[in-house]
Amino acid sequence: MSPSGAIVQTAHLIASQRGGRRFRLVTEPEGREPRGTVVFAHAFGEEMNKSRRMAARMARQLAAAGWRVVQRDLAGCGDSSGEFGDATWDDWLADVHDEAAAAANAQRPLWLWGQRAGALLAAAAASRVRGCHLLLWQPVVSGAQHLQQFLRLHAGARIAGTGTAPAGPSPAQRLRAGEAVEVGGYHVNPSLAAGLEQAKLEWPAGFDGRIVWLELSTLAPLQLSAASSRCIDEWAARGATVEADVLSGPPFWQTQEIEECDALLQRTAERVAGEIRVAPHTLAASTELHHRAERGVVS
């Protein structure tokens, strides 16, 4: 889907019910009513920064196709008030829920778009906002595992700097003891770490909307990660239909240089518009077809 209309962007600092102000960027079609709203929940830590360009491009493309896209910097992130080291998981849950609740409209569709750890926040908000849909980009399934991977950056940097294993309690142990730690330039407080550690990607209670799950891979053949497959199977056992898809592309949220993936932007726009739907039993055939198409193979 190619952009088909002019867009306008407006930026605001809005008051938060939990104190302070939040920066929000709204991208929407110019001169016409939007067909619906997409609320973005961004990734955690440096993954957020690495993903800013892709998120910005996606917002503009969706707006050109008629959607209103709301991007809020969560508490302590980007241009919102407060420091990262002061933010809590509950603050972030409230930020995403507040945006979702404000955008809810029975007459127009609402998508909660979560990327990486933002998927944990989007799914939690979806359990409290009726009538919404979920769009998940490379979702984190286990907050505990995600936190553990993040904390390894700290240990790895210390080992690289000294050539020996660091002495004393690990960052995880210090956090559990109520002490804040610095990891890769980010100050993490115990409350934020505890909330992330306890978070799991769970099917929202009472949810009856669409679930679009998109992942990127550089491997062949293309396939979902094992953790994602298990999660989708669990959701399916509870009656959910997950439109899952895997595309060939770089893990732009963690690459050294800023990377992009046009295929992900295109597929997202198609799915949100409802132009492509893939049932679980056609996933294997679908991912293979996408893989072959990206290599220029036509059957």
How big is D for the chain, in µm² s⁻¹ as a whole number, if Stokes-Einstein is applied with the Kirkwood radius of its Cα pairs at 10 °C and 1.306 mPa s? 80 µm²/s
Footprinting proxy, Val246, Val96, Val129: sorted fewest to most Cβ within 10 Å, the residues are Val129, Val246, Val96
What translational diffusion coefficient, in µm²/s and rounded to a whole number, does the Stokes-Einstein relation yield for region 81-230 at 4 °C and a viscosity of 1.567 mPa s, taking the hydrodynamic radius as the Kirkwood radius over Cα pairs? 76 µm²/s
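Between exposed trypsin sites (Lys or Arg not before Pro) in the chain, where DSSP calls loop and at most 11 other Cβ atoms lie within 10 Å, what's the longest gap? Can you show the working numbers first?
Values: sites that count: Arg32, Arg238, Arg295.
Counting at most 11 other Cβ atoms within 10 Å as exposed, the longest clean stretch of the chain is 33-237.
Any read-out appearing in this document is the output of simple, stated calculations on the displayed coordinates, not a laboratory observation. Treat the numbers as computed from the prediction; the structure is a model and nothing was measured. Please note: Cβ atoms are built from the backbone with ideal geometry, for glycine as well, and neighbour counts cover all protein chains shown.
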